[in-house]
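Step one of this worksheet: look at the structure below.
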Amino acid sequence: MVLPPLLLVALFVGVPVVSGVLYTLGHFGGLNSVVAAIGLHQHAADHWWGTLGAYREVLTSDVFLRSLTVTVEVTLLSVVAVFALALTVALYARLTGGRTAKIVTALSITPLFLPAVIGSYAILTFYAGDGALTTLAHALGWSHAPRLSYTMWGVVIGQVWTNLPFAVLVLSSGLAAVPDALIEAARDAGAGRTQVVLRVLLPMAGVPAVITAAFTTISVLGSYTVPYLVGPTAPTMLGVQLANTFQSYNQPQQSLVMAVVVFALASLVGVAYVRANVREARKAAAR
């Protein structure tokens, strides 16, 4: 029963990935023949396994290194911000309940129903030099309010906007699964709200927390729309840089090398996610 979906994944994901990696190593035949016929500055294989010429060119490029640095920085800031905000909303909803908590939760998942393009243009308009934030700041006497449009800080805000709903849903579901009896028992033992959070809720929401961090990291690493519309022209995140390398400079081999780097970074996060789930499953089996 597992074989049909595995075959689909192998056909539509595995084959293109293998073909792309072979192309970065200088193998221009087969599925890579068309793109190799139009690409510029390509490095052909000089051994049976290929060549690392494209990797050396990209990994020693100042443009790539700046994009890689910016990508890692934006990813870390976005993941921390998303996790902190989502955890705050989820804890508030779990501990208080009521109409206000439902309204806050509903507002936090509203971006889920808005396309990233609309959210990006809203951020550009709001944080522009003549946007609402700057206008309000000038009205209050602050003449040097920051302009976040076309900056990496604007990209971070956009990433938080697009990834917060998923994080809130996952963490809220994880915290909702904690039995009320455990919380009541902790309160009966004299635990305050802070101790309930630190000693009951958070330890039992480990898997949702790992899921939130892992999927948010992967989403930000491979993002294109938000950094393209909101971010500066240089340096850019890797998603934008590899697209520009392919479209503007007609260098598909170099762009695929960047894609391999993004895939490798995302794979490291995926390995951490799988290990955390395996560890949790073993603990559950041991009980």
(request) For TYR121 paired with ILE103, estimate the spin-label separation in nm (one decimal), with each label point 7 Å from Cα along the Cα-to-Cβ line. (result) 3.0
(message) Let's test the formula: R0 of 35 Å, r as the Cβ-Cβ distance of HIS47 and ASN250. What FRET efficiency results, to the nearest 0.05?
(response) 0.85
(message) Can you give the FRET efficiency to the nearest 0.05 for ALA185 and LEU6, using r as the Cβ-Cβ distance and R₀ = 35 Å?
(response) 0.20
(message) Compute a Gaussian network model of the chain, connecting alpha carbons closer than 10 Å, and tell me which residue from ALA145, ALA189, ALA213 fluctuates the most.
(response) ALA189
(message) Could you compute how much accessible surface HIS138 exposes when probed at 1.4 Å, giving the result in Å² to the nearest 10?
(response) 100
(message) Using the Cα centre of region 62-286 as the reference point, and only Cβ charges (+1 on K/R, -1 on D/E), how large is the resulting charge dipole? Debye, rounded to the nearest 20.
(response) 460
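So between ARG66 and ALA234, what do we pick up on full extension, going 0.36 nm a residue minus the alpha carbon distance? Don't skip to the end; give the middle numbers.
Details: separation 168, 0.36 × 168 = 60.48 nm, distance 0.89 nm.
The ARG66-ALA234 span can extend by a further 59.6 nm.
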(request) Return P(r) of the chain (all Cα-Cα pairs; 10 Å bins starting at 0; whole %; ordered from short to long distances). (result) 6, 21, 26, 24, 15, 7, 2, 0
(request) Name the residue, out of VAL82, VAL34, VAL104, whose mean-square fluctuation peaks in a Gaussian network model built on the chain with Cα pairs under 10 Å. (result) VAL34
(request) Assuming R0 = 25 Å, can you tell me the calculated FRET efficiency for the pair LEU76 and ALA243, based on Cβ-Cβ distance, to the nearest 0.05? (result) 0.65
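Under DSSP H, which helices of the chain have Cα atoms covering 20 Å or more of the helix axis and a Kyte-Doolittle average no less than 0.5?
Qualifying helices: 62-96, 152-176, 206-221, 252-286.
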(request) Pick out, from ALA186, TYR228, ILE123, the residue whose Cα sits farthest towards the positive end of the charge dipole of the chain, with +1 on the Cβ of Lys and Arg and -1 on the Cβ of Asp and Glu. (result) ALA186
(message) Need the full-extension length gain, THR110 to ALA285, defined as separation in residues times 0.36 nm minus the C-alpha distance. One decimal, nm.
(response) 59.2 nm
(message) For the chain, what does the accessible surface come to per residue with a 1.4 Å probe? Please give it in Å².
(response) 57
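The values are calculated or read from the model by the stated rules, or taken from the named source; none is laboratory data. Remember, it's a predicted structure, so these values are computed and weren't measured experimentally. Methodologically, a virtual Cβ is constructed for each residue, glycine included, from the backbone with ideal geometry; neighbour enumeration extends over all protein chains shown. Heads up: the accessible areas ignore ligands, DNA and RNA and are worked out on the full protein's heavy atoms, side chains in. Shrake-Rupley method; radii C 1.70, N 1.55, O 1.52, S 1.80 Å.
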